[in-house]
Structures are given as C-alpha cells and as structure tokens.
Amino acid sequence: MGEKQQHIAILRLSAMGDVAMLVPAVQVLRASYPELKITVVSKPFHKPIFAAIPDVSFLAAEVKGKHKGILGMRTLAKELKAQGVTHLADCHNVLRSKMVRSFLNFSGIKRASMDKDRAAKKALCRPDNKTWKPLKSSHQRYAEVLGELGFPVDLNRFIPLNRGILPQAALELLQGWTGKILGIAPYAAFGSKTYADAQMREVLQQINDANKLKVLLFGGPAERESLLKLASDLEHVQVVAGLLKFPQELDLISNLDGMLAMDSGNGHLVANFGLPVYTIWGVTHPYLGFAPFGQNEGNWLLPDLEKYPAIPTSAYGKDYPSGYKNAINSIPSQKVADLLLQNL
C-alpha cells in the first residue's frame, strides 16, 4: 500500500475579516505543495472567499446547528477524522477550536495552533508606556501555524486572486460607466471604528463633485437604508448593499479599482485581489496586525494621536476610555477625499 495522502484542515470559525486574512497563506500553501489535500473549516457563509483558489475543499462548521457546543465540536472532530485529515492548523485558538484539538488526542493527527501573542497586544493597548512597535500580522501568524506543521509558506509568493465576471445587477448600477470604480464600506462592528455619517457624506460629496470616480457603497442588507441616505442626490454614488448574493458581491469587489473601508472585513476581501485598500482607523491601529494584506502605510488614515494618545485602546475596538468613541472623526473629510482622488 502507498503512503497515506497528507491532508491539512485549516480551522478558523470567527468573523469574515479574520477568515479573509487566511487567503494569502492558503493560496501560497496550495501553490507550494501540489500533492497536499487542503480543507478550510469555517462558517458556511465564508465558503465563497476561497472559491478562486483551485483544489481547496471547504468544510462548513455549523456552529449554530450540528456543531454547536461541546458535542458539536466533538462531531466536527469526528468529521475531520473521517475525511482522513492528517494535520490540523488551528488558526483561531479559542475555546471551541481547543475542544476540537482535544477531541483529536490520540488520533495521530498532527496539530498546531496560532500564537495570538496576547501579551504583546495588551502592551500596545495599555493607556500609558505603550510598547510602540508593529506586531506580526494575522497573515504571518497563520503562515507560522502551517510552518509548524511542516508546510512553510512564503507570503511574498502570494499571487492576487483572479477577477470575476461583473454581475448583471452591478452592470445596471454602473450604467455604462467606463472610468474607475471605488468601493466604500462605511460601517464596522463597533461605533468606535465607524466614521461619522456626516463626515462620510462630505467625503462622498467631494468625490462626486470631482466627476472622476463612480462610487459603490457596500454593507449588509440591514445597512441599506442608511447607505441610501448617504448616497441621496449624488449622481456618481450607488448603493450595492442588499442587491447581491455574497459570491456575486465578491465578483464585483474583484473588479473595483480600490476600496475605502474601516478596520473591517471588506478591506481584507479587496486586498486578496491585489487592489489598493484605504483604511480609516478609530481606536484600533494597524500595528496590532489587522491591516489588509500588501498595503503600504500611505493608505492608512489615522486619528489625531496627539489628542488621543491611548490609541490603540483595544485589539478589536470594543473597549476605549471616556472621550475616545469619536476619535475616528478627528480625521478630516478633506484628507480622506484628497487621498482617494490623488491615488485613483
């Protein structure tokens, strides 16, 4: 009998942005080890994120269904064993993923988990005497897990994902526009990471008046009404949110010329196509390791750090001192519009 085929499962069960940051490591892994079977394990909604990488399987972790709780994680572990997984890359390293690893004790499956380096993040987020240095990116931390399992990957070898075909609904929105297209995703999970609507409207007004770019506004279906208000009476601004299924939205994203986003998932989706991403930061900071892949520091729009010296206040923007919630709005709308108009 021949040697058993090596099969790596890459586990990340969290938010879309964290999962999208897996793409560079997974794509380079695929290119570097053609005989290796690769399965990404994540929430069902995230499957299209990996569709453009050939020969990568996807196992849907139904964390609100059959994979819920301790018994659900045990079921997931059994499914991994049944699929012949030989290596498990835990790129989440939280209670749920630790349970999966535990259930695979004595299975013969080689396991490794991501080092989140919480101590370094805590040192960067403390109010005073910060350890002020850029930490490893999540992309690099994912790559290190793969390396620990015996599959080192060089992220410098990442090749941007191929562009998809523009969906018909998007073509109708663009109405024959032949110039450059800018995506803007104005919202984030927390208010401390979301630019004020009034200032975003000023940015949109300035871009619209320049008559240089078509702007498409992205967000969840629940944000559509707010986005329509932002876009009202602006000829070159259209709302995409709520019109497309996720795979078609990715096809549209792949055909943008750039994206303006908060510290949120949309920026990571765009970066995977090798496109420029301009990010507005609030109480978080790129040094925490969550900046979109392959972007230069000139694309970062940061608050007034002299006025708000405690930034970053937390890794995800949930915690911040009194008076910091609106720190993001210390970034002038003119500065945002100028950056976009000068670079696109």
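Descriptive notes on the structure:
- Heavy-atom accessible area per residue - the chain, 1.4 Å, Å²: 45 Å²
- Put simply, when 181-187, 84-90, 206-212 are sorted by average Cβ atoms within 10 angstrom per residue, most first, you get 181-187, 84-90, 206-212.
- Relative to the current alpha-carbon distance between Asp209 and Asn105, full extension at 0.36 nm per residue lengthens the span by 31.3 nm.
- Fluctuation leader among Val215, Val56, Val283 - the chain, Gaussian network, Cα springs under 10 angstrom: Val56
- Take every pair of alpha-carbon atoms less than 8 Å apart whose residues are at least six positions apart; their mean separation over the length of segment 43-167 yields a relative contact order of 19 percent.
- Over segment 63-138, volume per residue of the alpha carbon convex hull, in Å³: 115 Å³
- Measure of compaction for segment 1-156 (Cα Rg per 2.2 N^0.38 Å): 1.07
- Here the alpha carbons of the chain define both size measures, Rg and Dmax, at 20.9, 70 Å.
- Portion, in percent, of the accessible area of segment 21-175 that falls on carbon or sulfur, probe 1.4 Å: 52 percent
- Listed values for segment 31-45 are Karplus-derived 3J(HN,Hα) couplings in whole Hz (6.51 cos²θ - 1.76 cosθ + 1.60, θ = phi - 60°), namely 5, 7, 10, x, 8, 7, 7, 10, 10, 8, 10, 7, 5, x, 4, and x replaces Gly and Pro.
- Net length gained if the chain between Lys307 and Lys116 were fully extended (0.36 nm per residue, minus Cα distance): 65.8 nm
- The chain: calculated mean residue ellipticity at 222 nm from DSSP helix runs of at least 4, using -39500 (n - 2.57): -9500 deg cm²/dmol
- Full-extension gain in nm, Ser57 to Ala189, via 0.36 nm per residue minus C-alpha separation: 44.6 nm
- When only Cα pairs below 8 angstrom with a gap of at least 6 residues are kept, segment 93-174 shows a relative contact order of 23 percent.
- Here is the size of segment 187-344 from its Cα atoms: Rg then Dmax, 15.0, 42 Å.
- Contact order normalised by residue count of the chain, Cα under 8 Å, 6+ apart, percent: 18 percent
- With each label modelled as a point 7 angstrom along the Cα→C-beta vector, the Lys68-Ser232 pair spans 4.0 nm.
- Local electrostatic count at Lys325 - Lys and Arg +1, Asp and Glu -1, tallied over other residues with Cβ under 15 Å: -1
The values are calculated or read from the model by the stated rules, or taken from the named source; none is laboratory data. Worth saying up front: this structure is predicted, and the values here are computed from it rather than measured. No Cβ is skipped: glycine too gets one built from the backbone with ideal geometry, and neighbour counts run over all protein chains shown. Just the protein is used for accessible areas: all its heavy atoms, side chains included, with ligands, DNA and RNA removed. Shrake-Rupley method; radii C 1.70, N 1.55, O 1.52, S 1.80 Å.
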